[in-house]
Structures are given as structure tokens and as C-alpha cells.
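Let me begin by presenting the structure, written as C-alpha cells, before commenting on it.
Nothing in this text is a laboratory measurement; each read-out follows from the coordinates by a stated rule. Since this is a predicted model, take the numbers as computed values, not measurements. Here the Cβ positions follow ideal geometry from the backbone for every residue, glycine too, while neighbour counts run over all protein chains shown.
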Ligand SMILES: Cc1cc2nc3c(=O)[nH]c(=O)nc-3n(C[C@H](O)[C@H](O)[C@H](O)COP(=O)(O)OP(=O)(O)OC[C@H]3O[C@@H](n4cnc5c(N)ncnc54)[C@H](O)[C@@H]3O)c2cc1C
């Protein structure tokens with residue numbers, strides 16, 4: 001390892017290597033407290049060539065490498081396990097917007113560009129890069145692509161995979177693969193960029209990306225909607241999409257216990273509905289034309305929905321600050337969860353018409369195992385993604401595995417996925433071993449062996465141990 005660090009100095013310069021006692025807590029400590037580790041070193045290359053130099057050396061010396069963007073991932077995928085010393089390769093210096101072509105609606109960026117910076121750069125050209133979620137001020141495009149991130153606009157624009165046209169990737173042995181196409185159509189064999197999207201740093205390092213932009217919405221209509229049950233939620237979503245020509249950008253679900261705790265998490269905000277309804281939905285419509293009277297459209301549709309008892313009440317944001325407040329409520333999940341202590345967290349995807357059934361059956365099945373258990377969740381309801389968590393009273397810790405199994409069984413039974421948008425990392429490796437189709441796992445292991453024969457790329461993450 002020491003010989004490797006010495007050789008590394010010639011590639012990136014001593015200033016960009018943190019080793020020995022050099023402070024590097026922000027790299028070693030992930031977002032979740034259980035994933036605090038210790039790296040052998042952190043290297044911060046400044047170009048694709050330097051990344052290639054680092055990986056070629058690491059491959060020669062068989063040194064494990066953990067690629068890192070903003071370190072906001074929620075599955076321990078950047079955890080530096082002190083038991084197997086690894087070097088973190090941070091993309092934080094490679095944060096430039098390289099080119100924007102407004103007419104072609106594409107943007108070329110370095111992988112370390114922060115999501116908010118990318119969004120602001122698109123905004124200057126009256127365009128949008130629609131990927132958006134709570135960590136947007138810290139997470140980086142390379143990390144967004146490596147985890148195939150989702151967020152709240154997926155129902156309209158798709159996830160990170162759908163927003164990427166091309167990539168530059170450095171392979172484990174230091175070769176640079178140019179997949180940097182701007183093309184919307186390119187049927188020249190296997191689409192290899194998709195292999196690296198969602199690969200969580202286990203196959204190579206993404207150093208550049210070509211992103212697909214969309215016209216910037218200029219008119220928003222945002223509302224909080226109260227519902228007594230969510231059986232009618234899907235028809236409400238379809239109704240709003242039909243009425244607005246597909247303008248629904250977000251359709252987010254918050255249950256009663258979540259909203260009831262919001263005043264404690266956000267003391268400055270008053271409750272939206274009193275009493276707190278069984279379900280609150282945050283809906284947002286967006287149009288690229290100004291003065292499209294989107295507010296009246298939403299008002300009219302919601303008034304009819306109330307009349308038809310599809311919805312029990314609704315409040316529409318009248319200005320930008322009310323809109324921001326509504327989003328603040330939805331994005332306070334960590335603050336709300338913290339009010340009651342540890343939770344058992346999941347990130348699951350379900351067919352759109354199975355979410356209501358899942359919520360009912362999950363409560364029943366988990367209470368059967370641990371009667372005191374209390375579900376607390378939020379959902380990107382418009383794309384079937386539920387962040388279903390359980391509060392963890394002391395007696396639940398012994399039931400933890402059984403509870404996870406029960407939720408996973410139910411998800412499988414309903415045709416869902418045990419990871420919707422956060423990925424696998426360390427957290428879901430054992431689930432991967434249990435639940436992923438064995439042939440799919442065999443093919444994944446084959447790809448890993450082909451692209452990373454020495455197993456240096458983020459070892460111990462995503463894939464279970466090879467059989
Ligand atoms: C408050 C909060 C809210 C969140 N909300 C959402 C949400 O709504 N939707 C969602 O999808 N996620 C969400 N996340 C999770 C997280 O922000 C995303 O997974 C994000 O895409 C990770 O980006 P990052 O740059 O922080 O990646 P990191 O955490 O640094 O890395 C994540 C993975 O990607 C790999 N990686 C990073 N950069 C590269 C690269 N250049 N090349 C190859 N591999 C790389 C790493 O090795 C690791 O496996 C949230 C996180 C927080 C803290």
C-alpha cells in the first residue's frame with residue numbers, strides 16, 4: 001500500500017492525496033451514522049487522465065478503490081471498511097460544467113458536478129435538468145448516475161438513467177471508454193452506458209456525462225390534498241394528468257402520523273389540515289407556458305374531486321413561499337424520523353395499482369410479528385416508490401430480520417422491487433443474494449469478472465459474494 005501511495009503522488013500531486021493522519025472525516029463518514037469507517041487514503045484527481053492513472057496503478061498494486069461523489073448515498077455504498085483498507089477516489093475536484101448546447105438540449109459535465117449546479121446551469125438557458133431530491137445541494141452527477149437516482153419528478157421525466165445520453169468511463173485497468181454520445185438514437189450494439197448507470201462504482205469510474213435537458217417549466221400549481229383512503233389516489237393522478245395534458249410532475253404521499261409530527265420537526269409551520277387527515281398528497285403541476293392558468297385548472301379539478309368525494313379537502317399554494325413550505329413538509333423525512341429514534345428503513349417499488357394493498361397488508365403482516373410496531377413512511381406515489389419504515393421500539397430489535405423478511409415477501413408477492421432508487425450498497429447485499437434471480441446474479445458476476453478481474457472496484461458492495 002505504501003508503494004502505491006508513493007506512486008500515486010506522481011499522478012495527482014501530493015496536495016491531492018490525504019493519507020496517514022491527514023483529516024478526512026467528511027469522506028470517511030457517510031450520511032447514515034452506521035456507515036462511518038476509515039479509509040487508507042483519499043485521492044482527488046482533477047481529470048479523466050488522472051483518474052485513468054490512479055486506476056491503472058491501483059490495478060497493478062491490487063488496491064481496492066471506492067469511487068465517491070457527494071457521499072450522500074443511503075445504502076453504505078461508499079463505506080470504507082477499516083478491515084479491508086481501501087482508497088477513496090473522490091470526484092469532488094472534477095465539478096465543471098463543460099458545455100451546454102441549448103438548441104440540442106444537452107449538457108456535458110464532469111462527474112463531480114453538484115446536482116444543484118447542473119440544475120442552475122440549465123436554468124440560465126431556460127431549460128431544466130429535472131432530477132431533483134433533498135440531497136441536491138451535495139450529491140454529484142457521477143453518484144446520481146452510479147446509483148440511478150430517482151426523486152420526485154420521475155413520473156414525468158424518468159430517473160437518472162433516462163436523463164443520460166452519454167458517458168466517459170475509466171475501467172478498472174485504467175483504460176478510458178468513450179461512450180460520450182449525444183445521440184437520441186444509436187443502435188450500434190449493446191448500450192454499455194446502461195451497464196455503468198446503477199453499478200455503484202463496482203465496474204469503473206464515470207468521469208463525464210452528457211445529460212438530456214428539458215424545457216424549463218415557468219408556471220407551477222402546487223397543492224396539498226387530504227384523502228381518507230388512498231384507493232382513489234391513482235384515479236386522482238390520472239384525472240389531473242388527463243386534464244393538464246400530462247403536466248403532473250410530483251405526486252407525493254404523506255400519512256397521518258408523519259404529518260402529525262411535522263409541527264415538532266418544523267415548529268414555524270402551522271398544520272395544513274385540522275384534524276390531520278389519514279393521507280396527505282402533495283401534487284405539483286408544471287407548464288412551460290406562462291399564464292397558462294394552471295392554478296385555475298388545478299382548482300377546478302380539485303373542487304370537482306371534492307364534490308365527488310374522491311378527495312376530502314385541498315389547499316393550493318398561492319405564491320412561491322407557500323409552494324416552498326409545502327415541499328419543506330415533504331422533504332423533512334429525516335427530521336421526522338429522528339423525533340422517535342431508530343427506524344428500520346426500506347426503499348421499495350410497487351406496481352402503481354398495488355401501493356394501497358401493500359400499505360394495508362404490510363401493517364397487518366408486521367404487526368403480526370411485532371404488535372407495537374408503527375409504520376412511518378413517505379412515498380413518491382406517482383411512480384410507486386414507498387420509503388416504508390418502521391419505528392423501532394426496543395422489543396422490535398429481536399424481530400428485525402423477521403420484519404424485513406415479511407416486507408420483502410410482500411413486495412415480491414405484489415411484483416415489486418426491494419430497491420427502488422437508493423441502490424444496494426452494503427445495506428441490501430444479503431437481500432440481493434436471497435431475492436435476485438440467480439441467473440441474473442450469475443450474469444452480473446460474469447460482467448464484474450470481465451471488467452474488473454482483480455476485483456478492485458468498490459469490493460463488498462452491490463454484489464453478494466461470488467458462489
Ligand atoms: C436528504 C437525502 C435525500 C435523498 N433523497 C433521494 C431521493 O429522493 N431519490 C434518490 O434516488 N436518492 C436520494 N438520496 C440518496 C442519494 O442522494 C443519492 O443516492 C445520490 O444519487 C448519491 O449521489 P452522491 O454523489 O452523493 O453519491 P455517493 O454517495 O458519493 O456514491 C454513491 C454510489 O455511487 C458510486 N459513485 C459515486 N460517484 C461515482 C462515479 N463518478 N463513478 C462511479 N461510481 C460512482 C459510489 O461508489 C457509491 O457506490 C437522498 C439522500 C439524502 C441524504
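General observations
- Convex hull volume of the range 225-317 per residue (C-alpha atoms, cubic angstrom): 102 Å³
- Separation of the range 227-257 from the range 272-349 is 9 Å, based on Cα centroids.
- Fraction of beta bridges assigned by DSSP in the chain that are antiparallel (%, nearest 5): 85 percent
- Rounded to the nearest 10 degrees, the inclination of helix 256-265 to the longest alpha-carbon principal axis of the chain is 70 degrees.
- Sequence ranges 143-154, 37-48, 363-374, ranked by mean other-Cβ count within 10 angstrom, highest first: 143-154, 37-48, 363-374
- Residue order, fewest to most beta carbons within 10 Å, for 269, 285: 269, 285
- DSSP bridge orientation in the range 1-135 - percent antiparallel, rounded to nearest 5: 55 percent
- Within the range 64-128, antiparallel bridges make up roughly 50 percent of the DSSP beta bridges whose residues both belong there.
- Over the chain, dividing the summed -39,500 (n - 2.57) contributions of all DSSP H runs of at least 4 residues by the number of residues returns a 222 nm mean residue ellipticity of -9500 deg cm²/dmol.
- Per principal axis, descending, Cα span of the range 1-147 in whole Å: 50, 34, 22
- Neighbour counts of other Cβ atoms within 10 Å put 208, 290 in the fewest-to-most order 290, 208.
- A simple packing score, the average count of other Cβ atoms within 10 Å per residue, orders the peptides 129-136, 420-427 as 420-427, 129-136, with the highest score first.
- Cα pair distances in the range 342-421, grouped into 5 Å bins until the bin that holds the longest one, percent each: 3, 17, 31, 26, 15, 6, 1
- Fully extending the segment from residue 335 to residue 318 would add 3.5 nm, taking 0.36 nm per residue of separation and subtracting the current Cα-Cα distance.
- Translational diffusion coefficient (Stokes-Einstein; Kirkwood radius from C-alpha pairs) of the chain at 20 °C, 1.002 mPa s, in µm²/s: 91 µm²/s
- By the compact-protein rule of thumb, 2.2 N^0.38 Å, the alpha-carbon radius of gyration of the range 170-228 corresponds to a ratio of 1.78.
- Taking 357, 408, 320 and counting other C-beta atoms within 10 Å, the order from fewest to most: 320, 357, 408
- Inter-centroid distance (Cα atoms) of the range 41-104 relative to the range 4-35, Å: 11 Å
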